[in-house]
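Trainee: I have a structure I would like to understand better, so I am pasting it below and will then ask my questions one at a time.
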Amino acid sequence: MIRLKGGRIIDPANGRDEIGDLFVDGGLIVDAPAALEAVETYDLTDKIVMAGAIDIHSHIAGANVNFSRMLLTEEHRGSEPHPGHLPFSTALWSTYETGRLYAEMGFTTVVEPAMSPQNALHAHLELADIPFIDKATLAVLGNEDFLLRLLRDGHGDNLLDDYVAWSVAHAKALGVKVINAGGAAAFKENVRTFGLDDVVPSYGLSSRAILQALLASVQRLGIPHPLHVHCSNLGVAGNFVTAIETMEAASGLPMHMAHLQFYGYGTEGKRGFSSASPFLAEAITYHKNITIDVGQVMFGQTVTVSSDVLRQHESRASARPKKWIVWDGEGNGGGVLPYKYKPESYYNALQWAIGLELFLLIDDPWRVFFTTDHPNGAPFTAYPQILHLLMSADERAAWIARLPKAAMTMSMLPQLTREYDLYEVAIMTRAAPARLLGLLNHGHLGIGAVADIAVYTEQDNKAAMFEAADYVFKDGELIVENGKVKPYRWGRTHFLRPGHDGQIEEWLARYYDSTFGSPSDIFAVPDRLSAAAHHFEEHRCRT
Ligand SMILES: [Zn+2]
């Protein structure tokens, strides 16, 4: 048994912010024992103790991530050698590095949010190879021929639900995501702009109809994580209207909207590009069924990876360096486009400000989630710096002073004085994401919770504080000490297996045979993967 003694325990899921002790045994948080003699003790006086952090949206595995590695081989030059014993460990940003860098910041669970069911096996093999942290995935539906035929031909809710359930179970996903519903299907028919009420030609279905069908199905199946939505018109000036119309299209059903910053764009000013985050913040305050993550932009070189193939194709001229991949596939396909956010750019500076405005204007930390949409807005290694910006108005003012005036005068950010406190940070990065994903034993420090715990030293410089945890415990085992990982251990992958009727399997067997010439379980993820110590953990749908 381990005793974590005398730290400040910040545990919003249990309404706790107090100095106290935690006891850990068998990987869980347990009651204080009757006798304290045989207990290994860590003195955490003056330390901050939180549950391990959870990232609900970070592209860390799968086809697009690997296309990025292959497209940007120059980034690998001069890299340090990495431990050679992990199968995917040789690229610059290897699976090992993903696990290490997250763990050292105190993150213990990360969701890969865009896994095509056809690429699920590869994505899971790669996730299984990421040490230290737990993982989960969302299965991308909404552009594949089988679903669009089901909807077009009006086969009814039961068959739709069986199909969604089958897809989640076969891909070992924890939820469902839709990316520009219908947009990728329309792109295959040479459509190049596609909004909420545009129609996929061959199917006669609007984006709205596909979105609403999936929203309702996820709800009926009792999948805890609400449908995770990447709206249409990403990155287009004026697209805040699309985002608000999408919120309204949910008609009160729970819906999560991903990387909302990329939809915070108005058309005002002489460049026709302005901040619309006040409108979005107001709409979110009104629509209590909506949660969002921000997708904060930070400055520097990155690579955008997205299964919004239509929008990636339309943005290809902005690639820096000038090379890109856009690939069509069953369902969404994908696009990889390197990009450099420059502080001297009016547009990039305003994007940076819009993200922070969303964080600061939406006053419910249970409904706004902390992401950069890694690596789209910035790599996740920028998180400590972003926390510092959220927690210090002075730090923001110092950044604002260095950015283009033309952009900053178009933003409310200079006037916003709100500063997040540690309790709000713990809600946004721990308690709320666990609740949103249905991982009820995670994200909190109550008795019976999984002992994923991060310990920090409070500092004025929050970037320094959150960059390197003093200790991180994963399932009760010490994995980080003084900001450095210990020898690696494996996390697990969380998934759902929603039940479905046998009829859908017969349909899919016929469909796969006639369309792909393969059996329908060819893409299924088996219960055991090669990494010996890795395992899956099944969670239940609501009944
Ligand atoms: Zn994303």
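Trainee: Just a yes or no: is a residue in segment 378-400 in contact (Cβ under 8 Å) with a residue 24 or more places away in the chain, part of a loop (DSSP other than H, G, I, E, B) and more than 16 Å from the ligand (Cβ to nearest atom)?
Mentor: yes
Trainee: Just to be sure, is Leu310 over 29 Å from Thr381 (Cβ atoms) and buried (at least 24 other Cβ atoms within 10 Å of the Cβ)? Break it down stepwise before answering.
Mentor: Details: over 29 Å from Thr381 (Cβ atoms): yes; buried (at least 24 other Cβ atoms within 10 Å of the Cβ): yes.
The answer is yes for Leu310.
Trainee: Also, quick follow-up: Criterion first (within 16 Å of the ligand (Cβ to nearest atom), within 32 Å of the chain's Cα centre (by Cα) and not in a helix (DSSP H, G or I)) does Ile48 satisfy it? First the steps, then the outcome.
Mentor: Numbers: within 16 Å of the ligand (Cβ to nearest atom): no; within 32 Å of the chain's Cα centre (by Cα): yes; not in a helix (DSSP H, G or I): yes.
It is false that Ile48 is within 16 Å of the ligand (Cβ to nearest atom), within 32 Å of the chain's Cα centre (by Cα) and not in a helix (DSSP H, G or I).
Trainee: While we're on this one: Which members of segment 186-202 meet the condition of being in contact with a Pro (Cβ under 9 Å, 6 or more places away or on another chain) and open to solvent by less than 10 Å² (accessible area, probe 1.4 Å)?
Mentor: Ala186
Trainee: Can you tell me how many residues within segment 121-164 are among the small types (Gly, Ala, Ser), closer than 21 Å to Gly499 by Cβ and free of Cβ contacts under 8 Å to residues at least 40 places away in the same chain? Write out each step before concluding.
Mentor: So in segment 121-164, the residues among the small types (Gly, Ala, Ser) come out as 123, 128, 136, 139, 142, 154, 156.
Going one step further and asking which of them are closer than 21 Å to Gly499 by Cβ, we end up with 136, 139, 156.
Pick out the ones that are also free of Cβ contacts under 8 Å to residues at least 40 places away in the same chain and you get 139, 156.
The qualifying residues number 2.
Trainee: Right, here's the next one. If you go through segment 24-45 one residue at a time, how many are under 24 Å from Tyr102 (Cα atoms) and not in a strand (DSSP E or B)?
Mentor: Here the count works out to 3.
Trainee: So, in segment 239-261, exactly how many residues are closer than 16 Å to Thr193 by Cβ, in contact (Cβ under 8 Å) with a residue 24 or more places away in the chain and either open to solvent by 20 Å² or more (accessible area, probe 1.4 Å) or aromatic (Phe, Trp, Tyr) (or both)?
Mentor: Count: 1.
Trainee: I need a count of the residues in segment 487-543 that are of a type in the set (Gly, Ala, Ser) and in contact (Cβ under 8 Å) with a residue 40 or more places away in the chain.
Mentor: Qualifying residue count for the region: 6.
Trainee: Turning to a different aspect of this structure: Just checking, how many residues over segment 211-264 are within 16 Å of the ligand (Cβ to nearest atom) and at positive phi?
Mentor: So the count comes out to 3.
Trainee: What residue, among those in segment 115-145 that are open to solvent by 20 Å² or more (accessible area, probe 1.4 Å) and touching a strand residue (DSSP E or B) at 6+ places or on another chain (Cβ under 6 Å), is nearest to the ligand (Cβ to nearest atom)?
Mentor: Here the answer is Ser116.
Trainee: State which residue is least open to solvent (accessible area, probe 1.4 Å) when the search covers only segment 11-64 and only residues that are out of contact with any His (no Cβ under 8 Å at 6 or more places or on another chain) and among the polar types (S, T, N, Q).
Mentor: Restricting to residues being out of contact with any His (no Cβ under 8 Å at 6 or more places or on another chain) and among the polar types (S, T, N, Q), the top hit is Asn64.
The values are calculated or read from the model by the stated rules, or taken from the named source; none is laboratory data. Just so we're clear, the structure is a prediction, and the values are computed from it rather than from any experiment. For neighbour counting, all protein chains shown are included, and Cβ atoms are generated from backbone atoms with ideal geometry for every residue, glycine included. Note: accessible area is taken over every heavy atom of the protein model, side chains too, but ligands, DNA and RNA are not part of it. Shrake-Rupley method; radii C 1.70, N 1.55, O 1.52, S 1.80 Å.
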